[in-house]
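Colleague: Shown below is the structure under consideration.
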Amino acid sequence: MTEATFWQLAPFIQEYIYQHGWTELREIQTAACGVIFQTDHHLLLAAGTSSGKTEAAFLPIITLVYRQPRPGVAAMYIGPIKALINDQFDRLRDLLKTADIPVFAWHGDVTAGQKNTFLRCPRGILQITPESLESLLINRYGHLQSLFANLQFVVIDEIHAFMGTQRGSQILCQLKRLSDITQNSHRRIGLSATLGDYGLAQEWLGAGTDRPVAIASVTAQPRRIQIGVEHFFVEEGHSPHYQYLFEQTQGYKSLIFANDRRQAEAVISNLRRLAGNTPDIYHVHHGSISAQLRRQAEIAMLTPDQPAITAATVSLEMGIDIGYLERVFQIEAPNSVASFLQRLGRSGRRGEPANMRFICTEPNDTKPLPIPWSLLQCVAVIQLYLEEKWLEPLSAPRYPLTLLYQQTLASLRTELTRRQLQERVLSLPAFGQITPADFQQFIDHLVLLDHLTWTEQGKLILGQQGAKIAQGFSFYAVFSDDVTYTVKWGDTEIGTVAIAPPVGGCFALAGRTWQVQQSDRYTLWVEPTVQADTLVWQGSGSPIHTKILQKMRQILLSQQSFPYLKPPAQKRLRIARHWARRWYLDQGNLFALDERTYCLLPWLGTRGYRTLEKLLFILKQQGLGIRAIGGRPPYFFTFRLVKTTPKEFLASLIALAGQELAPENLISWDEVPRLEKYDQFMPPGLLAKAYAHDHLDLAEVAAQPWN
């Protein structure tokens, strides 16, 4: 241990280190202490999973809070999910049990009584979600000075989960509003194990402030990694991968990652079916499972020497402590290298190799293309990490209109002139791309909808419709909040569903099948059943980066072998490669399926694929004889050419992609999809502009070598 750093820490922390048998501080912890003790900079802490980042941030922070006690909250921790906050709450409370520094958690599962206790005597460390922080800023405005006037540090955990999202931009707005209200400049500490571009992370963390952002990073030691990739053909009524999972998880602490809630529910439902009446060791963990059942799953995974199997989404991708995992599985290919790395990091504790098994499925009917997309994507994600250590770059949305709506309504605590409102909102760090003309168009539209209204003095206040939304509990979140129904079995809350089956109907939740016995406007009372169910969760697929698609093409056209592919996966890849050679996929993107039907393989990520789709429809409208455009995003398009040759089609596509089109000219006002929470309230022109800039990429399509 670096002796000088150790003696800088508070006495009770030194005692904690002795009691827990630490022989040295980790490299990231020493580096963090140097920045926090010796500078006034913000700090980006970038290090691998289980590297001690949380302690790296809090050991020096707590020391400074201990040495300079002040009234109010001294440090605030912002976490992406409640489960992670609860986990960190226990860790911090253990660290502070001999110090007079309290820790408070504030989120939807914390009782009103606990919150009122905190408000009566606010001090120490506050742990909170962005949504609860928004609620505090709006509903506890009169308390903000006493709460945060002496705030010294804001720790933002898992910043990769926030960057590139409106939720992350919301945090930046909240911190700017908080500093403006209290006239207090706090320091920010960002934590992450999966960042592809430190420069983008620095820019994000310091947005809206004048402080420089220091970086404390640790180059991870080479990890031993054990990976296996299985491939299964599935058909209706026969899914052999469930039997494989059942056999591979028996008697083990196993975590099964799914890409969406539907997959997680299906996995556990089928494993329970295969297990029969044996003791129930199966759990589901995602955002729609009740807090009680999520906690039961976490406790089961932490309990030593007892098997437990949990299927989870991103909710267990974060750094929640679930103890020693013996086996980690991934259903289908993850949509990003970052997600793969996060999930891989859940295994390999106690010095053992990180171990992960992938299960890729494919229907027996592979028409129109015999390409195993999930298998190819899985190999591409693995190889991009193993060969290049590449991770997706993350940047904030340019036109976060849902956030603009929320922050505008939140700013109208009192009546303001148009100019005052514009200056207040557009000074927030998330809205650098929103022009005054954009904002005026936005305000005029909200007035038309009665979300804002004019006073007799010519000032703006909330209109009747806007007030209804701003007073609702869901207003604090910028992510979509579809109407949900609470599911109860007796007095036990199981979770929530977005679709309410009729009385007598069946559905899956928490890995079980339930039959609706009774319902009212917001609640379903259920009983367990063995009848066939309908899975109510629909997957919404996250974006895939173009580099993954290009790596998939390289793998398909190469002869490179991958030792982690199990025999069925190796055989399936050989078949796909043989087909690719027969159809000369190395020589072009376009080939005929029959006399008039063609397939286009763009090898573009989600944004490029969407853009290409817009270009195809423009060409269709130009009378090139393109018909029946279909496909499977983001892998391929199919269409018919009735009066245009393939050569003429490609020439027209290249010419159109090369034009200097404004992004908003790619999409008409009446066809813009409403993807975000408050898109329905946006002026059509501004919504089209936002969609074009944040969801399309003409330059990427133009750069593609079409032939």
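Derivation of every value follows stated rules applied to the coordinates shown; laboratory data play no part. Since the model is a prediction, treat every value here as computed from it, not as a measurement. Every residue, glycine among them, receives a Cβ derived from its backbone with ideal geometry; neighbour counts consider all protein chains shown.
Colleague: In Å, what Kirkwood hydrodynamic radius results for region 3-217 from the alpha-carbon pair distances?
Modeller: 17.4 Å
Colleague: Sticking with this one: How do 547, 677, 468, 647 line up, fewest other C-beta atoms within 10 Å first?
Modeller: With the sparsest Cβ surroundings first, the list reads 647, 468, 547, 677.
Colleague: Tell me, what HN-Hα J-couplings in whole Hz come from the Karplus equation 6.51 cos²θ - 1.76 cosθ + 1.60 at θ = phi - 60° for each residue of region 357-368, using x for Gly and Pro?
Modeller: 10, 9, 10, 9, 10, 8, x, 4, 8, 9, 5, x
Colleague: Further, regarding this structure: Sticking with the crude label model, points 7 Å out along Cα→Cβ, report the distance from residue 94 to residue 647 in nm, one decimal please.
Modeller: Computed distance between label sites residue 94 and residue 647 equals 7.2 nm.
Colleague: Pop the C-beta distance of residue 520 and residue 498 into the FRET formula with R0 = 25 Å and round what comes out to the nearest 0.05.
Modeller: Efficiency at R0 = 25 Å is approximately 0.90.
Colleague: Taking neighbour Cβ counts within 10 Å as the exposure measure, how do 591, 473 sort from fewest upward?
Modeller: Fewest to most other Cβ atoms nearby, the residues stand as 473, 591.
Colleague: Multiplying the sequence separation of residue 238 and residue 305 by 0.36 nm and subtracting their Cα-Cα distance, what value in nm do you get?
Modeller: Fully extending the segment from residue 238 to residue 305 adds 20.8 nm.
Colleague: Further, regarding this structure: Could you derive backbone 3J(HN,Hα) for region 285-295 from the dihedral phi with the Karplus parameters 6.51, -1.76 and 1.60 (θ = phi - 60°), listing whole Hz in sequence and x where the residue is Gly or Pro?
Modeller: 9, 7, x, 9, 7, 4, 4, 5, 6, 4, 5
Colleague: Set the Förster distance to 22 Å, then compute FRET efficiency between residue 574 and residue 388 from the Cβ-Cβ distance, nearest 0.05.
Modeller: About 0.30, to the nearest 0.05.
Colleague: What nm value, rounded to one decimal, do you get for the distance between residue 665 and residue 114 when each label is placed 7 Å out toward the C-beta?
Modeller: Going by the 7 Å Cα→Cβ label model, 5.6 nm.
Colleague: Still on this structure: Whole-Hz Karplus ³J(HN,Hα) for region 171-187, in order, using 6.51 cos²θ - 1.76 cosθ + 1.60 and θ = phi - 60°, x for Gly and Pro?
Modeller: 4, 4, 5, 4, 5, 5, 4, 5, 5, 5, 5, 8, 6, 10, 9, 8, 9
Colleague: Determine the calculated [θ] at 222 nm for the chain from helices alone, applying -39500 (n - 2.57) to every DSSP H run no shorter than 4 residues and normalising by the residue count; nearest 500 deg cm²/dmol.
Modeller: About -12000 deg cm²/dmol.
Colleague: If I histogram all Cα-Cα distances within region 252-366 using bins 10 Å wide from 0, what percent of pairs lands in each bin?
Modeller: Going from the shortest bin to the longest, the percentages are 14, 48, 32, 6, 1.
Colleague: On to the next question. When DSSP beta bridges are limited to those with both residues in the chain, what percentage is antiparallel, rounded to the nearest 5?
Modeller: Approximately 35 percent, going by the DSSP bridge assignments.
Colleague: If you take every residue apart from residue 257 with its C-beta less than 13 Å away from the C-beta of residue 257, what net charge results, scoring Lys and Arg +1 and Asp and Glu -1?
Modeller: Combined, the nearby Lys, Arg, Asp and Glu give +2.
Colleague: What is the extension gain from residue 67 to residue 395, computed as 0.36 nm multiplied by their sequence separation minus the C-alpha to C-alpha distance, in nm to one decimal?
Modeller: 114.4 nm
Colleague: Could you list the residues of region 462-506 with an amide nitrogen less than 13 Å from a label point located 7 Å from the Cα of residue 141 in the Cα-to-C-beta direction?
Modeller: 462, 471
Colleague: Sorted by packing (mean other beta-carbon atoms within 10 Å per residue), highest first, where do 24-32, 239-247, 75-83 land?
Modeller: So the peptides 24-32, 239-247, 75-83, ranked by packing, come out 75-83, 24-32, 239-247.
Colleague: Starting from the alpha-carbon convex hull of region 401-476, give the projected area averaged over all orientations, in nm².
Modeller: Over all viewing directions, region 401-476 projects a mean Cα-hull area of 4.7 nm².
Colleague: Relative to the present Cα-Cα distance, how much length would full extension add between residue 185 and residue 38 at 0.36 nm per residue of separation?
Modeller: 51.2 nm
Colleague: As a test of understanding, state the convex hull volume per residue of region 588-702 from its alpha carbons, in Å³.
Modeller: 103 Å³
Colleague: Can you list residues from other chains, or at least 5 along the same chain, whose modelled amide H is less than 5 Å from the amide H of residue 396?
Modeller: 164
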